[in-house]
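First comes the structure, then the notes that go with it.
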Amino acid sequence: MESWNERLDHALKLRRVRKLHALAVELGVDESAVSRWRRSPAISLANAVNLCRTLDISLDWLLTGRGHILAHRSDATLTERFALEVFTDLPEARAAEAIEALILLARAVGPCSGRA
């Protein structure tokens, strides 16, 4: 994802944010501010940090596109990181579904026991 708009939209879809008003209330800003952020990266650092905390996404990824969306999480599993890299070419909604399905599958299978 090259642009700020694409990354923010991806994060909102991944976190299933459908109502900007609810997000704005949670962030303590006006809904028009969230709408502006979706069009332009004109956002204060404090608001960007708060947005990333609320959405549980990487600030570096959102602002610059470097790394991946979960780079900030020390508990992000290899499966989660792999899934985010593999499914980046799918349409965003389908990628989010595929990532969730892969994570559920990995948790159901559990750690490898080393047996053939």
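One table, with the values for the structure above:
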| read-out | value |
| --- | --- |
| Filter pass, ARG53 being at pLDDT below 85 and either farther than 24 Å from GLU2 by Cβ or open to solvent by 40 Å² or more (accessible area, probe 1.4 Å) (or both) | no |
| Any hit, region 2-17, residues being of a type in the set (S, T, N, Q) and modelled with pLDDT of 90 or more | no |
| Residue within region 67-89 that is open to solvent by less than 70 Å² (accessible area, probe 1.4 Å), of a type in the set (Asp, Glu) and modelled with pLDDT under 90 present | yes |
| Residue count for region 1-53, restricted to those that are part of a helix (DSSP H, G or I) and either within 21 Å of ALA95 (Cα to Cα) or touching a residue at least 60 places away in the same chain (Cβ under 8 Å) (or both) | 13 |
| Residue in region 101-111 that is in a helix (DSSP H, G or I), open to solvent by less than 40 Å² (accessible area, probe 1.4 Å) and at pLDDT below 80 present | yes |
| Candidates LEU45, LEU59, filtered to the one that is of a type in the set (A, V, I, L, M), over 17 Å from the mean Cα position of the chain (by Cα) and open to solvent by 50 Å² or more (accessible area, probe 1.4 Å) | LEU45 |
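The values are calculated or read from the model by the stated rules, or taken from the named source; none is laboratory data. On a predicted model such as this, the values are computed, not experimentally measured, just so you know. A quick note on method: Cβ atoms are made from the backbone with ideal geometry, for glycine too, and the neighbour counts reach across all protein chains shown. Areas reflect the complete protein model, heavy atoms only, side chains present, ligands, DNA and RNA absent. Shrake-Rupley method; radii C 1.70, N 1.55, O 1.52, S 1.80 Å.
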